[in-house]
Amino acid sequence: MTALTIGDVTVTRVVELDRSSFEIGAMLPESTPERIAAQRDWMGPELLDPVTGVHKACIQSYVLRTPWHTVVIDTCVGNDKPRNGVPAWYMRRGTYLSDLAAAGVKPEDVDMVICTHLHVDHVGWNTRLEGGRWVPTFPRARYVIVREEFEFWKREGETGREEFGLIDDSVMPVVEAGMADLVASDHVIDDRLRLEPAPGHTPAHVCVRLTTPAGQAIFTGDMMHRPIQVAEPEWNSRFCDDAELARKTRRGFLERHADADVIVLAAHFPVAGRIVAPGGRTRFQPLAA
Ligand SMILES: [Zn+2]
């Protein structure tokens, strides 16, 4: 688990699951095997397993140590939660907290959690089970959640359209503990971190931009699920809420960041990288190891 240093900030990946439950064609229903194969030429072993041909993916948190905060961006699936329908998620007993400790971070060290959106694989470790109750995992943290996103999913929970029960077990406990900051989707956290609207995947999905004296990075949540979407931005994931808006957000992001010196860290990409466009052909270039 190597840390990435960007100016005075370190970024560490804490991987909860190192593979996806969805193969690439199932994750990107608008793709075709031919067009997926046509992008293989730029996909090295960091992105594509050379033996099995599997497009690599994971579920992970990004842990940031800035001069001002220790931040966790997105909190994966979590333990002990009844996530029906996905065996790798159901009543998990994973090693997330010890993996976090191995990265040098104890729960009480974290003073900020940011959720890019409120899907099941981004909020799980907001809470943990203690004495039969869901309690905030990070006892000293402010949990930064976009108010519009919260209100949307609260309604979905109340009307039974949110199938996992994640609002009750992973969001309301931090709200009821007074630990949530419900903010606008362009909220400025401090001189290092700010939110940027990136709607479509969910109604008020956001990216998190990191600005340091020595460079920028952006945490793009689920705006893109697989690196191949950098080359095929019209392909949505199976979980995108508003198909047209998700495409528009993705296209605009890629246009603004092509050949920009900004490190891109997506929630499910196996590596960090940059958006490059040699010869006008946009693709994802992993950072040199
Ligand atoms: Zn996700």
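A few remarks follow.
- Pick from the stretch 219-249, criterion of a type in the set (D, E, K, R) and outside any loop (DSSP other than H, G, I, E, B), ranking: nearest to the ligand (Cβ to nearest atom): R247
- Verdict on R65 being at pLDDT below 95 and within 25 Å of C207 (Cβ to Cβ): no
- Hey, V105 within 14 Å of the ligand (Cβ to nearest atom) and within 24 Å of V208 (Cβ to Cβ) or not: no
- Filtering the stretch 163-170 for residues that are closer than 30 Å to P139 by Cα, touching a Cys at 6+ places or on another chain (Cβ under 6 Å), assigned to a loop (DSSP other than H, G, I, E, B) and within 15 Å of the ligand (Cβ to nearest atom) leaves an empty set.
- For the stretch 61-81, filtered to residues that are over 18 Å from the mean Cα position of the chain (by Cα) and more than 24 Å from T2 (Cα to Cα), the residue that is farthest from the ligand (Cβ to nearest atom) is D80.
For (1) more than 13 Å from D168 (Cα to Cα); (2) of a type outside the set (S, T, N, Q); (3) more than 19 Å from the chain's Cα centre (by Cα), each residue gets a yes or a no:
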site: A88; (1), (2), (3): yes, yes, no
site: A102; (1), (2), (3): yes, yes, yes
site: L118; (1), (2), (3): no, yes, no
site: V135; (1), (2), (3): no, yes, yes
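- R274 vs. criteria more than 24 Å from F22 (Cβ to Cβ), free of Cβ contacts under 8 Å to residues at least 24 places away in the same chain and within 18 Å of the chain's Cα centre (by Cα): yes
- Failed condition for D18, given (1) farther than 21 Å from R92 by Cα; (2) within 16 Å of the ligand (Cβ to nearest atom); (3) surrounded by fewer than 14 Cβ atoms within 10 Å (Cβ to Cβ): (1)
- Filter pass, A198 being farther than 12 Å from V144 by Cα, within 16 Å of the chain's Cα centre (by Cα) and touching a residue at least 24 places away in the same chain (Cβ under 8 Å): yes
- For the stretch 109-140, a residue qualifies if it is surrounded by fewer than 24 Cβ atoms within 10 Å (Cβ to Cβ), closer than 12 Å to I73 by Cα and within 16 Å of the ligand (Cβ to nearest atom), but none of them does.
- Of everything listed in (1) part of a loop (DSSP other than H, G, I, E, B); (2) of a type in the set (S, T, N, Q); (3) away from the ligand (no atom under 13 Å from the Cβ); (4) at pLDDT 95 or above, the single unmet condition for N84 is (4).
- Residue that is surrounded by the most Cβ atoms within 10 Å (Cβ to Cβ), among those in the stretch 21-55 that are among the hydrophobic types (A, V, I, L, M, F, W, C) and closer than 30 Å to T212 by Cβ: L47
- Pairs meeting the criteria (first residue in the stretch 231-250 and closer than 16 Å to R283 by Cα, second residue among the polar types (S, T, N, Q) and within 16 Å of the ligand (Cβ to nearest atom), beta carbons under 6 Å, at least 6 apart or on different chains) are W235/Q229.
- Test result for W89, assigned to a loop (DSSP other than H, G, I, E, B) and within 16 Å of the ligand (Cβ to nearest atom): yes
- Filtered residue count, the stretch 195-218, keeping only those that are in contact with a strand residue (DSSP E or B) (Cβ under 6 Å, 6 or more places away or on another chain), in a strand (DSSP E or B) and either farther than 28 Å from E162 by Cα or among the hydrophobic types (A, V, I, L, M, F, W, C) (or both): 11
- Only one of the listed residues (T202, T159, T212) is hydroxyl-bearing (S, T, Y) and over 28 Å from G273 (Cα atoms). That residue is T159.
- Pairs, first within 13 Å of A204 (Cα to Cα) and hydrophobic (A, V, I, L, M, F, W, C) in the stretch 109-122, second at pLDDT 95 or above and more than 11 Å from the ligand (Cβ to nearest atom), C-beta under 6 Å, six or more apart: C115/I145; L118/E149; L118/W153
The values are calculated or read from the model by the stated rules, or taken from the named source; none is laboratory data. Given the structure is predicted, the values throughout are model-derived calculations rather than measurements. As a convention, Cβ positions derive from the backbone with ideal geometry for all residues, glycine included, and neighbour counts pool all protein chains shown.
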